[in-house]
Amino acid sequence: MYRLNYNELKLQQVKDIVSKKEAPVVASEFCGYLVGKSLKIVLDKTPVAGPQLEYEFQSDAKLTLKENSGPAIACDYAAQTLKDVTLFSHMIPDTMRGYNVIVNWKTSVVTVFEMWFLDYEGEKIDTTKTFIPLSDSAALGKVKPYVNREVQRQYYFGYIDEPGKSPPEGRDHISLRLENSMIKWKEDRGKKRLTTYTSLTYSTIIELDTPDGGDVLTFSSDVLRIDESMYIHCFGEIEYSGRLTVEVLDLYSLRKVGVTVGIDEDDKFEHALYKGHGKFLGRFTTFQDFNDRGATYSELAARQVDYSVKGARASFRPSIMTIAVTEEHVAKAAQNTMIFDKERAKERVMSSAHLPPDSDYCVGKELAFRGDDSFAVELRFKAIDELEYRIAGDSAWNAETYCAFELDEDLIILSFYRSGSNPPASLFFALDFQNGLATCISTKMGSKNDWHDPEPAYHFGVMDMKGLTPVRIFRQGFTDELLGRAFTQTYSDAMSSIHIYSAPHSYSWTIITNGAVGSAGNRSGYAVWSSPCEYIKLRDDVYIMNWVEQKWSGHMDTLCRNLRTGRDCGFGYGMSNDGAAIYMDRTGSISREAGRVDLGGVFSLRNYDVMS
């Protein structure tokens, strides 16, 4: 899905597709619970005033709707019921909008998700000319929806108006109680999904039944609590297909019902209801205040999103957050480098107050890295920040500035930029002076998909150095030992995050809001995104996690972790978001484990398509 590019449909194309919409389909049997019933739904006026809805259900597939006491409109619908809750969904004929309605028969409480397509021609920011940087959260929050194929949504809380009965006092409401829970779902329409409810505003999904089932995908979401065991999960596939999904799930029985509405990969209208059953895999640690139940959104979300505006939602849109670049841009950026630049470090999101000291361990040493794949590099260390290198086959030595950290006893990580390289390139080394083992990550700017993306290559081998005899059999190498684990990184007082390693070659991060102690939403999760990555084991308890922010900044981070010291450190490499420069940065943080789940059965080939 990272590289599945959906067609950018024009307004008229969307109208043509939606005009051919058929009745919603149901994967298994239709639900007849509503047949013969009448519903008058009153919706609250905050945060956005909802309409009054009156329904008459003639059959399990036909209803009539009156909006705000208007004329009766005949609609096709479908419904699914889970315990005391019914979810029904319909579009309105001759329009591009509809409703997903969730009725709690026990409490008479109702939550309605109105859904619609844009009624204007969306205009995406032309990233060949400009972009909105991540640091400008106010501007990002004011971006007008521009993807015509993307289903918009607004939820409303309300109740069933019943003659002779007082309105219920309670309502469904946002809640942090699901935060960082992970559930493996199997649906009766054939889909298998691994869902992590990472925050009030985002969730991640791994589509286990697709060829790219190793990708962690991040979606803008709503998580609403019905009662002790039942929740509503709504997510929109922003930056992907644009489809909207609304689900009701029960944690007691691990069952769910849901509906998906939108335009599919083949540009056909999709409106499908389904059921699912799940397996609860665990809950990663959360870090909100003990007294924070999620009654309000985090401070960062509230600053960025005006929830009094209809359709407003948190959205992370990487496609408008960097300038579009070409091979020529990259060549020009290579003339303007920022290598371990202190002024740039002050402006970085991951600028750190927790860097370990630069290491002089290698000063005076000469060695060669010899990869098992025949990739080889000679290194001569002149000072704490100066070295010379040459790659096998070259005759000339090259002088570079480097940075090194001691990650574990006699285990050094270091990185440097290859000045004058075209395309721009860098080298990273992990050197184990006890065992003679080494890893090299050689990286160049520009992948087959995007010139903004660094493309790393991994080389595992040994150190050739006088007085050092490498172990004969073992190698540093790729590992699954971090799979299913989560860690926090505190880079500074202004920046913390949670990494969740929920796939063998992909992960997600969540930004933790650092508000004033005791303030609403303090330390609750907010922004989430995901990237492909690789995990490498250097020693027991010592690892590398290397990721590239594809389809966005292209930033690559080589984060090295010592579980015993609780220290993360490493290097960032890439092109500035404005395309003007190539950079390399130090990074460091204080790390804490944030829980783990067992994903071995989820991703083993034997169990890949089997519901455990």
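The values are calculated or read from the model by the stated rules, or taken from the named source; none is laboratory data. Since the model is a prediction, treat every value here as computed from it, not as a measurement. Because the Cβ atoms are built from the backbone with ideal geometry, glycine has one as well, and the counts that use them run over all protein chains shown. Accessible surface areas use protein heavy atoms only, side chains included; no ligands, DNA or RNA. Shrake-Rupley method; radii C 1.70, N 1.55, O 1.52, S 1.80 Å.
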Need pairs with beta-carbon distance below 7 Å; first residue surrounded by 14 or more Cβ atoms within 10 Å (Cβ to Cβ) and at pLDDT 95 or above and within the range 1-22, second not β-branched (Val, Ile, Thr) and not in a loop (DSSP other than H, G, I, E, B); sequence gap 6+ or separate chains.
17/269; 18/269
Can you name the strands (runs of 3 or more DSSP E) wholly within the range 161-264 that have at least 1 residues being touching a Lys or Arg at 6+ places or on another chain (Cβ under 9 Å), under 30 Å from residue 10 (Cα atoms) and of a type outside the set (Asp, Glu)?
202-207, 217-225, 230-236, 244-250, 255-263
Among the aliphatic types (A, V, I, L, M), within 20 Å of residue 149 (Cβ to Cβ) and touching a helix residue (DSSP H, G or I) at 6+ places or on another chain (Cβ under 9 Å): does that describe residue 320?
yes
Within the range 41-48, is there a residue that is open to solvent by 70 Å² or more (accessible area, probe 1.4 Å) and not in a loop (DSSP other than H, G, I, E, B)?
no
Mind listing just one residue for me: the one in the range 297-315 that is of a type in the set (A, V, I, L, M, F, W, C) and open to solvent by less than 30 Å² (accessible area, probe 1.4 Å) and, of those, modelled with the highest pLDDT?
312
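So that you can scan it fast, the table gives a plain yes or no per residue for (1) at pLDDT 95 or above; (2) among the acidic types (Asp, Glu); (3) more than 30 Å from residue 563 (Cβ to Cβ):
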site: 348; (1), (2), (3): no, no, no
site: 370; (1), (2), (3): yes, no, no
site: 375; (1), (2), (3): yes, no, no
site: 379; (1), (2), (3): yes, no, no
site: 387; (1), (2), (3): yes, no, no
site: 408; (1), (2), (3): yes, yes, no
site: 413; (1), (2), (3): yes, no, no
Collect the residues in the range 316-346 that are closer than 27 Å to residue 569 by Cα, part of a loop (DSSP other than H, G, I, E, B) and open to solvent by 30 Å² or more (accessible area, probe 1.4 Å), keeping them in residue-number order.
336, 341
Could you please find all residues in the range 407-432 being farther than 30 Å from residue 451 by Cβ and buried (at least 19 other Cβ atoms within 10 Å of the Cβ)?
407, 408, 411, 412, 431, 432
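Residues checked against (1) within 22 Å of residue 510 (Cβ to Cβ); (2) surrounded by 15 or more Cβ atoms within 10 Å (Cβ to Cβ); (3) of a type in the set (D, E, K, R):
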{"site": "113", "(1), (2), (3)": "no, yes, no"}
{"site": "117", "(1), (2), (3)": "no, yes, no"}
{"site": "129", "(1), (2), (3)": "no, no, yes"}
{"site": "147", "(1), (2), (3)": "no, yes, no"}
{"site": "150", "(1), (2), (3)": "no, yes, yes"}
{"site": "185", "(1), (2), (3)": "yes, yes, no"}
{"site": "195", "(1), (2), (3)": "yes, yes, no"}
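One line per residue, one yes/no per condition, for (1) modelled with pLDDT of 95 or more; (2) farther than 22 Å from residue 134 by Cβ; (3) open to solvent by 20 Å² or more (accessible area, probe 1.4 Å):
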| residue | (1), (2), (3) |
| --- | --- |
| 526 | no, no, no |
| 532 | no, no, yes |
| 538 | yes, yes, no |
| 542 | yes, yes, no |
| 546 | yes, no, no |
| 550 | no, no, yes |
| 553 | no, no, no |
| 560 | yes, yes, no |
